[in-house]
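Here is the structure we will look at, set down as structure tokens.
The values are calculated or read from the model by the stated rules, or taken from the named source; none is laboratory data. All figures in this text were calculated on a predicted structure; none of them were measured in a lab. Cβ atoms come from the backbone with ideal geometry, glycine included; neighbour counts cover every protein chain shown. Note: accessible area is taken over every heavy atom of the protein model, side chains too, but ligands, DNA and RNA are not part of it. Shrake-Rupley method; radii C 1.70, N 1.55, O 1.52, S 1.80 Å.
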Amino acid sequence: MPNAAAPSPPTKETLQEQLALIDRSQKFVLLIIIAISLSYYVTTIQKDQIKCLLCEEDAALCEDFPDTFPISLLSSTLVLISVIYFFIISDRALCDPKDTCVQKRSDSYNNTASLFVLLAAIIRIINLMMVWKSQRQVSESSDTI
């Protein structure tokens, strides 16, 4: 059985490319963290709205909350942008030469998982827009009555 040659160590150029990729990836991870913070803020507003309704004090005070739709849309958009970036990275990894079958399989699984995450982010934005449009139509029809 012939011995497989040990892979050569990465070149300085390869290491610099990997470092640049990690730097870019960290920026997109930061976008996801910002999106999570915005979602947390939205849930805080929603919780405060429910508390206000439960207290049944002054109904006018319960109307002073900000509209959460623009914040939720921004959060979802930041996630979508980040997920698109990571999908592109996983897609490009499929084209890189591989050393082992395990690496090929791993890149394929990662790409499939990235595609599912991308689809979920798209579905989330579509759902958010449909709910917003529906609520607007209900609001407009109740205003005309």
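For residues that are among the aliphatic types (A, V, I, L, M) and more than 10 Å from the chain's Cα centre (by Cα), scanning just segment 69-83, find the one that is least open to solvent (accessible area, probe 1.4 Å). If we take residues in segment 69-83 being among the aliphatic types (A, V, I, L, M) and more than 10 Å from the chain's Cα centre (by Cα), then I71 is least open to solvent (accessible area, probe 1.4 Å).
Restricting attention to segment 121-145, the residues being surrounded by fewer than 13 Cβ atoms within 10 Å (Cβ to Cβ) and part of a helix (DSSP H, G or I) number 17. Let me spell it out: the conditions are (1) under 30 Å from D23 (Cα atoms); (2) among the hydroxyl-bearing types (S, T, Y); (3) under 21 Å from the mean Cα position of the chain (by Cα); (4) open to solvent by less than 100 Å² (accessible area, probe 1.4 Å), and T100 meets all of them except one. Which number is the exception? If we test T100 against (1) under 30 Å from D23 (Cα atoms); (2) among the hydroxyl-bearing types (S, T, Y); (3) under 21 Å from the mean Cα position of the chain (by Cα); (4) open to solvent by less than 100 Å² (accessible area, probe 1.4 Å), just (3) comes out false. Here P66 meets the list (1) outside any helix (DSSP H, G or I); (2) under 10 Å from the mean Cα position of the chain (by Cα) almost entirely, failing just condition (2).
Report yes if F86 is surrounded by 11 or more Cβ atoms within 10 Å (Cβ to Cβ) and part of a loop (DSSP other than H, G, I, E, B), otherwise no. It is false that F86 is surrounded by 11 or more Cβ atoms within 10 Å (Cβ to Cβ) and part of a loop (DSSP other than H, G, I, E, B). Being modelled with pLDDT of 95 or more and either farther than 22 Å from K133 by Cα or part of a loop (DSSP other than H, G, I, E, B) (or both) is a description that applies to F116. Please work out if D91 is open to solvent by 80 Å² or more (accessible area, probe 1.4 Å) and either among the acidic types (D, E) or at pLDDT 95 or above (or both). No, not satisfied.
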